[in-house]
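Here's the structure we're looking at; comments come further down.
Coordinate-derived values only; no laboratory data. Predicted model, so just to flag it, every value in this text is computed and none were measured. Positions of Cβ are generated from backbone atoms using ideal geometry, with glycine treated the same way; all protein chains shown enter the neighbour counts.
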Amino acid sequence: MPPSTFPELKMASSDVRCPRGLTLLELMITLALLALLAGLAAPQLTGMVRSVRAQSEMEGFIGTLQLARAEAIRTGWTVSVCGSSDGRGCSGLPDVWEQGWLAFVDANANRAPDPGETILQIAPRLTSSDTLRSNQRLLAISFNREGWAVGVPAGTRLVLQTSPSQHAATRCLSVAPSGRLILQTGRSDPMHCP
């Protein structure tokens with residue numbers, strides 16, 4: 001073996017230093033940057049959570065109306081959806097939709113569940129302090145065997161307002177006499193969804 005052209009380097013073991021962990025200064029700078037980023041992101045996250053919650057609540061209500069309409073068409077019976085705080089009967093008060101609602105086969109079309117009429121779905125109150133109100137002070141929404149919304153005036157709209165109020169999270173549901181449902185958001189249609 002030829003002799004090495006490089007002299008052997010010998011280092012004392014005490015001269016080798018391996019970095020371990022972070023210094024206190026590095027840690028403090030990292031934590032300060034994280035706090036700054038969290039402070040910037042928190043308001044956006046809160047607004048997004050509020051908007052997702054409103055969308056979920058309104059989709060639950062729309063799902064109940066779609067079920068009622070489909071059941072009315074399928075069975076030929078009138079099916080109604082009314083505000084209900086106890087899940088057994090209609091509240092009898094307009095604009096208490098945020099307290100919950102129920103869908104039922106309304107054989108006598110009186111917009112109230114009577115003994116012997118089938119309750120199709122019970123929805124509990126909204127989990128937040130959001131409100132769901134109509135511009136027509138509706139007691140109930142009923143669908144006939146053709147799927148028409150019986151007794152619902154043209155221009156009927158239910159508005160879900162978040163608490164605290166956030167325009168972009170507002171959801172508006174237009175219910176046409178034909179039974180058609182149109183969902184709008186405060187962001188997508190500020191003229192018609194306050």
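Overall dimensions of the range 101-186, expressed as equivalent-ellipsoid semi-axes from the Cα gyration tensor (√(5λ), whole Å, largest first), are 26, 17, 9.
Annotation: amide H-H contacts under 5 Å for Gln121 (H modelled 1.01 Å from N, sequence separation of 5 or more, or interchain): Ala103. Modelled label positions at Ala38 and Glu59, each set 7 Å beyond Cα in the direction of Cβ, lie 3.0 nm from each other. Taking only Cα atoms, what is the 0 to 90° angle, nearest 10, from helix 24-75's long axis to the longest principal axis of the chain? It works out to around 20 degrees.
Is there a quick way to get the dipole size of the range 38-108? I mean about its Cα centre, with the Cβ of Lys and Arg at +1 and of Asp and Glu at -1; what is the value in debye to the nearest 20?
Values: 5 positive and 7 negative charges, 32 e Å.
Charge dipole of the range 38-108: 160 debye, to the nearest 20.
Here the range 123-194 and the range 76-112 have alpha carbon centers that stand 16 Å from each other. Overall, the range 54-159 carries a charge dipole of about 180 debye about its Cα centre when +1 sits on the Cβ of Lys and Arg and -1 on the Cβ of Asp and Glu, all other atoms neutral. Considering only Leu65, Ala103, Ser85, the residue lying farthest towards the positive end of the dipole of the range 49-137 is Leu65, judged by Cα position with unit charges set on Cβ. In plain terms, the bigger the Kirkwood radius, the slower the diffusion; for the chain, with that radius from Cα pairs, at 37 °C and 0.692 mPa s, Stokes-Einstein puts D at 161 µm²/s. Evaluated with a Cβ-only charge set (Lys, Arg +1; Asp, Glu -1), the chain carries a dipole of roughly 200 debye about its Cα centre, given to the nearest 20. Between Thr46 and Ala70, the modelled label-to-label distance comes to 3.9 nm, taking each label 7 Å out from Cα in the direction of the beta carbon.
For the range 78-152, which GluC sites (Glu not before Pro) are both in a DSSP coil and crowded by at most 15 other Cβ atoms within 10 Å?
On the way: sites: Glu98, Glu117, Glu146; in loops: Glu117, Glu146.
Hits after loop and neighbour filter: Glu146.
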